[in-house]
Amino acid sequence: MTMSEHLASTPLADRMRPRKLSDVIGQEHIIGQNQFLRTIIQNKTPVSLILWGPPGTGKTTLARIIAGSSGYEFREVSAVTSGLADVKKVIEEAQQNKRLGSNTILFVDEIHRFNKAQQDAFLPHVENGNIILIGATTENPSFEVIGPLLSRSRVVVLNSLTTDQIKKILRKAIKQLGNRAIDSAALQLLAELAAGDARTALNGLEAAATIEPKKITVETIKQAMQRLTLRHDKTGEYHYNTISAFIKSMRGGDVDATLFYLARMVESGEDPKFIARRMVIFASEDIGLASLGALNLAVSTFQVVERIGYPECNYALFQCAITLSRSKKSRSVANSMFAAQKAARANPDAQVPLHLRNAPTKLMKELGYQKDTKWEAGFEHPKGFMPEGLEDLKLYEE
């Protein structure tokens with residue numbers, strides 16, 4: 001294969017990936033003059049990082065630039081496709097490199113997909129300097145990355161790219177496609193549909209170029225983005241439609257449909273924590289007081305998922321889904337919560353009655369704070385418990 005043939009077969013998004021800091025578009029708050037990432041790149045002093053941001057904002061690109069600028073060995077694993085054995089192999093290589101006088105940066109894409117035990121495996125090697133760890137995540141690391149790793153890393157937040165930044169990237173990419181013509185309206189539409197994701201924008205441009213080899217129009221972009229949605233719908237309509245069908249099937253008590261949609265999500269590689277999190281919400285929102293054990297089961301399932309991960313956590317996911325689907329349903333918690341929130345918003349100035357207020361001082365007691373209140377279980381105060389004017393407000397329903 002010739003060099004030109006190799007480039008032609010390489011996805012446009014990979015061909016357009018910046019190799020040096022000056023080529024990066026956006027993220028000025030972390031790579032601008034005197035900003036943190038620019039400083040460690042210029043000084044060739046990489047540190048362990050957690051790069052947190054939406055898809056297509058440059059997390060992998062920046063990790064590679066950091067490694068390239070420092071001269072460190074660069075190893076990359078994905079938490080979606082790699083297991084603990086792959087991680088151990090890379091760490092063994094890093095230990096060998098260190099004995100030979102070379103340092104290693106280990107980049108872990110989607111680090112939030114590793115469970116607690118898998119993340120724990122990095123700790124001793126980060127501490128003793130065998131590796132510098134750079135993790136990339138689209139999820140809040142406060143919840144998805146273990147505390148000991150967070151305390152040994154610097155969290156760097158990346159922002160979605162602006163429409164103008166996406167357009168700038170696309171204009172550069174058009175040159176890679178032989179300066180193909182594109183309507184200004186088509187360029188604007190593609191940049192907007194990309195929603196801050198450079199990879200989506202470049203994939204859309206490449207798909208459009210295969211549809212229309214001469215001039216890319218608005219209609220071409222619509223066709224191209226529709227194709228991409230069908231192929232890459234991890235966070236798009238298919239993703240949300242499937243979880244919606246899963247929830248509605250549990251709500252309707254259709255166990256077979258519940259199992260089908262759960263299996264579809266599992267087989268497509270959906271994050272098990274996303275599924276478990278939705279079941280925790282469902283247990284309170286749709287079952288609530290009808291089965292008090294549902295919430296405990298859902299929370300336990302989330303903990304299993306967190307600690308074990310795929311594929312073993314599937315047993316717990318399916319057990320929980322079957323149980324929730326078969327459980328009696330009650331919206332009393334959700335309806336009462338919404339009613340209470342609505343009432344709180346409608347009455348922001350409602351005062352706590354004097355007899356219910358705390359009375360830590362003699363003066364407060366003299367003013368009537370806590371008057372006639374008895375410290376007895378089930379005590380009903382003669383004046384009730386609601387603020388004045390809301391005595392007849394009913395929020396809870398069976």
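The values are calculated or read from the model by the stated rules, or taken from the named source; none is laboratory data. If you're wondering where the values come from, they're calculated on a predicted model, not measured in any experiment. We place every Cβ from the backbone using ideal geometry, glycine too, and count neighbours over all the protein chains shown.
Brief remarks follow.
- Exclusive hit being under 30 Å from MET265 (Cα atoms) and not basic (Lys, Arg), set LEU317, LEU390: LEU317
- Near pairs, Cβ below 8 angstrom, 6+ apart or cross-chain, from segment 304-315 (more than 12 Å from GLN119 (Cα to Cα)) to any residue that is surrounded by fewer than 18 Cβ atoms within 10 Å (Cβ to Cβ): TYR310/VAL266; ASN314/VAL266
- The listed residue being hydrophobic (A, V, I, L, M, F, W, C), buried (at least 17 other Cβ atoms within 10 Å of the Cβ) and within 23 Å of the chain's Cα centre (by Cα), out of LEU21, LEU51: LEU51
- Tally of residues being in a loop (DSSP other than H, G, I, E, B) and buried (at least 21 other Cβ atoms within 10 Å of the Cβ) across segment 111-129: 3
- Residues (within 15 Å of ALA350 (Cβ to Cβ) and touching a His at 6+ places or on another chain (Cβ under 8 Å)) located in segment 364-390: LYS383
- Condition check for GLY368 on (1) loosely packed, with under 15 Cβ neighbours inside 10 Å; (2) in contact with a Leu (Cβ under 9 Å, 6 or more places away or on another chain); (3) not in a loop (DSSP other than H, G, I, E, B): one failure, at (3).
- With respect to the conditions (1) exposed (fewer than 14 other Cβ atoms within 10 Å of the Cβ); (2) part of a helix (DSSP H, G or I); (3) at positive phi, GLY389 falls short on a single one, namely (2).
- Scanning segment 156-174 for residues that are of a type in the set (Gly, Ala, Ser) and under 25 Å from PRO141 (Cβ atoms) gives a single hit, SER160.
- Count - residues of segment 27-51 that are in contact with a Lys or Arg (Cβ under 7 Å, 6 or more places away or on another chain) and closer than 13 Å to ALA63 by Cα: 5
- Residue match in segment 56-73 (condition: surrounded by 15 or more Cβ atoms within 10 Å (Cβ to Cβ), part of a loop (DSSP other than H, G, I, E, B) and of a type in the set (Ser, Thr, Tyr)): yes
- Residues satisfying the stated conditions in segment 253-278, i.e. in a loop (DSSP other than H, G, I, E, B), at pLDDT 95 or above and either touching a strand residue (DSSP E or B) at 6+ places or on another chain (Cβ under 6 Å) or on the phi < 0 side of the Ramachandran plot (or both): ASP254
Residue-wise test of (1) over 25 Å from ILE281 (Cβ atoms); (2) at pLDDT 90 or above.
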site: LEU324; (1), (2): no, yes
site: MET337; (1), (2): no, yes
site: LYS342; (1), (2): no, yes
site: ARG357; (1), (2): yes, no
site: PRO360; (1), (2): yes, no
site: LYS371; (1), (2): yes, no
site: ALA377; (1), (2): yes, no
site: TYR396; (1), (2): no, no
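- Subset of segment 139-162 (residues that are within 28 Å of GLU192 (Cα to Cα) and either buried (at least 17 other Cβ atoms within 10 Å of the Cβ) or more than 22 Å from the chain's Cα centre (by Cα) (or both)): PRO141, VAL156, LEU158, SER160, LEU161
- Within segment 184-205, restricting attention to residues that are farther than 19 Å from PRO18 by Cα and polar (S, T, N, Q), the residue that is surrounded by the fewest Cβ atoms within 10 Å (Cβ to Cβ) is SER184.
- Options ILE41, ILE66; residue that is of a type in the set (Val, Ile, Thr) and under 30 Å from GLU306 (Cβ atoms): ILE66
- Test result for SER336, surrounded by 12 or more Cβ atoms within 10 Å (Cβ to Cβ), out of contact with any helix residue (DSSP H, G or I) (no Cβ under 8 Å at 6 or more places or on another chain), outside the structural domain of THR81 (by TED's automatic domain parsing) and in contact (Cβ under 8 Å) with a residue 40 or more places away in the chain: yes
- The residue pairs whose first member lies in segment 140-162 and is at pLDDT below 90, whose second member is aromatic (Phe, Trp, Tyr), and whose beta carbons are closer than 9 Å, counting only pairs six or more residues apart or on different chains, are ASN140/TRP52.
- Set GLU144, GLU110: member being at positive phi and either assigned by TED's automatic domain parsing to the domain that holds ARG64 or acidic (Asp, Glu) (or both): GLU110
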